[in-house]
1. I need the phi-derived Karplus couplings for the stretch 37-50: 6.51 cos²θ - 1.76 cosθ + 1.60, θ = phi - 60°, integer Hz, Gly and Pro marked x.
2. Treat every Asp and Glu Cβ in the stretch 3-127 as -1 and every Lys and Arg Cβ as +1, leave all other atoms uncharged, and give the resulting dipole magnitude about the Cα centre to the nearest 20 debye.
3. With the contact rule set at Cα under 8 Å and sequence spacing of 6 or more, what percent relative contact order holds for the chain?
4. Treating the angle as unsigned and between 0 and 90°, give the value, to the nearest 10°, between the Cα long axis of helix 93-115 and the longest Cα principal axis of the chain.
5. Just to verify a number: FRET efficiency for ALA5 and SER88, C-beta to C-beta distance, R0 = 35 Å, to 0.05?
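Laboratory data are not the source of any read-out in this text; all were calculated from the coordinates shown. Everything numeric in this text was worked out from a predicted model, so none of it was measured. Here the Cβ positions follow ideal geometry from the backbone for every residue, glycine too, while neighbour counts run over all protein chains shown.
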Amino acid sequence: MSNAATLLIGRILLSAIFILSGLSKLGDPAGTAGYMTSLGLPLASIGVWIVILLEVLGGIAVLVGFMTKPAAWALALFCIASALLAHSNIGDQAQFIAFFKNLAIAGGFMALAAHGPGSISVDARRAG
């Protein structure tokens, strides 16, 4: 398999969870804001919309390879923040797994940010 195809598949796999998660939050933003409040986060009623925009728009940007490096960095930082704020009870096995999955996903986004989206992307077409 070519590097371009591998990068495309990697972008699809990395972005899918964020696009789907952001879209699912649209079904109950108040519930998500309530969860964010329970974590002690301030301004959750505004923060939920920032998270939805980041997940959906950042996920789509990574998916199609548009402004890939900044989108990948934004989602990497989001994953690290989410791990630290929402999954830091690593004594709980489910939280332990979620914590390290978030860090692993952040690592994937950091690698994507460092190496770019590949030739099958909007960024490559714009540069071409």
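1. Each residue of the stretch 37-50 in turn: 5, 5, 7, x, 7, x, 6, 4, 5, 8, x, 4, 6, 5 Hz.
2. On the way: 6 positive and 4 negative charges, 71 e Å.
It works out to roughly 340 debye.
3. On the way: 153 pairs, mean separation 38.0, N = 128.
Across the chain, relative contact order equals 30 percent.
4. 30 degrees
5. On the way: r = 37 Å, r/R0 = 1.05.
For R0 = 35 Å, the calculated efficiency reads 0.40.
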